[in-house]
Amino acid sequence: MSDPVSAMGGQSYEGFAHVADAGLQGMITLRGDLGSAAIAKAVKAATGCALPAPRGIVTKGQAAVAWMSPDELLLLVPYAEAEATAAAVSAALAGEHVLVANVSDARALFRVSGAKADQVLAKLCPVDFARLPAGELRRTRAAQVAAALWRSAPDELSLICFRSVAGYVYDLLALSARTGSELTSA
């Protein structure tokens, strides 16, 4: 078996904002009735996080839980813990009508940071970044690609996309962060 590698092998670009492949990230899709007490309990036990509100993301240490749709969560855990976490959540929800899948190797995570990080993504996504608060997740498009994004720090945005389009997304982000292409302020 080959050693796991992130989609872009740790590549990064420095322009008016910093764009980086965030490296290996454990990601677990959980689909089911999000009103279920059993799901809330299993997620809390696995991540230490409560269930997020719609369009929310809750973070605790190296773990996070993102609301992806009315019946879907994305659990973010350290990559090395993803398989065991998925198995623990599956075991805790035995008998429940749920789907638990480790999708770590099917997704890519990028981080865009710097004082003008919003401008990089504003060129690509139909999102009003001035109104995107911490703790809110958006499922949107980055150019022609499905993506989810959120503020992971005051001057940092994280973006998840399918691994199959990671090269395209990285190139879009790097091009959008090119020095001299900053957006003018009104």
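What follows is calculated from the coordinates using simple rules that are stated; it is not laboratory data. Everything numeric in this text was worked out from a predicted model, so none of it was measured. With ideal geometry, Cβ positions are generated from the backbone for all residues, glycine too; neighbour counts draw on all protein chains shown.
A few points about this structure:
- The listed residue being more than 19 Å from Ser181 (Cα to Cα), out of contact with any Lys or Arg (no Cβ under 8 Å at 6 or more places or on another chain) and either basic (Lys, Arg) or surrounded by fewer than 17 Cβ atoms within 10 Å (Cβ to Cβ) (or both), out of Arg151, Arg138: Arg151
- Only one of the listed residues (Leu175, Leu159, Leu93) is farther than 23 Å from Thr29 by Cα and of a type in the set (A, V, I, L, M, F, W, C). That residue is Leu175.
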